[in-house]
1. Tally Lys and Arg at +1 and Asp and Glu at -1 over the other residues with C-beta under 13 Å from the C-beta of VAL177: what net charge comes out?
2. Per-residue HN-Hα couplings for region 227-240, Karplus 6.51 cos²θ - 1.76 cosθ + 1.60 at θ = phi - 60°, whole Hz, x for Gly and Pro?
3. Could you work out the local net charge near ASN69, counting Lys and Arg as +1, Asp and Glu as -1, over the other residues with Cβ closer than 11 Å to its Cβ?
4. Report, by chain and number, residues whose modeled amide H sits under 5 Å from the one on TRP143, excluding near sequence neighbours (fewer than 5 apart, same chain).
5. What FRET efficiency would be calculated for the residue pair GLU268, VAL187, taking the C-beta separation as r and a Förster radius of 30 Å, to the nearest 0.05?
6. Enumerate the calculated ³J(HN,Hα) couplings along region 80-90 in order (Karplus 6.51 cos²θ - 1.76 cosθ + 1.60, θ = phi - 60°), each rounded to whole Hz, writing x wherever the residue is Gly or Pro.
7. Please go through the residue pairs LYS176/LYS265; LYS89/LYS265; LYS226/LYS265; LYS189/LYS253; LYS119/LYS261; LYS119/LYS226 and name each one whose alpha carbons sit more than 30 Å apart in this structure.
8. Hand me the GluC sites (Glu not before Pro) from region 64-167 located in a DSSP loop with no more than 11 other Cβ atoms within 10 Å, in residue order please.
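What follows is calculated from the coordinates using simple rules that are stated; it is not laboratory data. Note that this is a predicted model, so its numbers are computed, not measured. In this analysis, Cβ positions are derived from the backbone assuming ideal geometry, glycine residues included, and neighbour counts consider all displayed protein chains.
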Amino acid sequence: DKCLNTKDNSTSSGALVQQNSCDSVATKQWSLQPAGSQPSSTPTVTPTRSPSPTPSTNPTPPSGWPSANGSQAVTSTISVSGTLDGGLKRYYASGAMGDGGQSESQDPIFELANGATLKNVIIGSPGADGIHCLGSCTLQNVWWEDVGEDAATLLGSSSSQVMTIDGGGAKSASDKVFQHNGPGTMVIKNFQVDNFGKLYRACGNCTNSYQRHVQMSNIVATYPGKALAGINTNWGDTARFSNITIKNDPDHKMIVCLKYKGVPKGSEPTEIGSGPDGTNCIYSSSDIHYQ
């Protein structure tokens, strides 16, 4: 019989083994492991916890304006259905699109179908008639460097339509930033505006005297600016405000909610008052902050 032994009965780590004639030991038991290693206990595994979601907080408008990622001249209106992500490219009107003045005949740079979304876009100068929404739409992180006739207009004909402006900002609007011609609701949130006439105006002399509504929240408006919203109280318009910050206006000249009497097409609406009333202009002093 043959048995396995270490050569010369060595007990050194890495010793050679050889087959010899069996000695008087009836059995031998070998435990093989890497040279120089020591048996270790079974490691304790600590489970990895998934990170807890970040608590949801009200976002604040960014303090700076984004840099354009290239520029594109637009010679005819770009139609959008579904979602268009501009990647922060600057789009500006060219040729017959309009000069960005106050002419009512200018075409929009973008026209959004009902349900469309436009995001990460910079509207440069000239801005023509900005953006038209033909129904419910979303403008996300859209910036107007120099507002033309209007930054964006809600058209359409459904009282349930909603135009949502979330994020972004606008500068240098000699008149209105957002124009509301159709019925429904406009939601403006997380937005900054600087040097403007009115941030929002419900049309006071359009062909159809619709009831219109606006909701503003988390807005930073920098004076000069005449008013945040202009609505027609005789048509049942409403304007709601929360977390509004007004800058560079120590004398509080900027009007939060300006009331008009809407009139038929061809006439000019008249201002009839301003301030909160709980019915049409809905806010309290705690909703408005001055810096």
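1. -2
2. Once rounded to whole Hz, the list reads 8, 6, 9, x, 10, 9, 5, 6, 9, x, 4, 9, 9, 10.
3. On the way: positive: LYS89, ARG90; negative: none.
Neighbourhood net charge equals +2.
4. VAL121, ILE122, ILE123, GLY169
5. 0.60
6. Once rounded to whole Hz, the list reads 10, 10, x, 10, 10, 9, x, x, 6, 6, 8.
7. LYS89/LYS265; LYS119/LYS261
8. Sparse-neighbourhood loop GluC sites (Glu not before Pro): GLU104.
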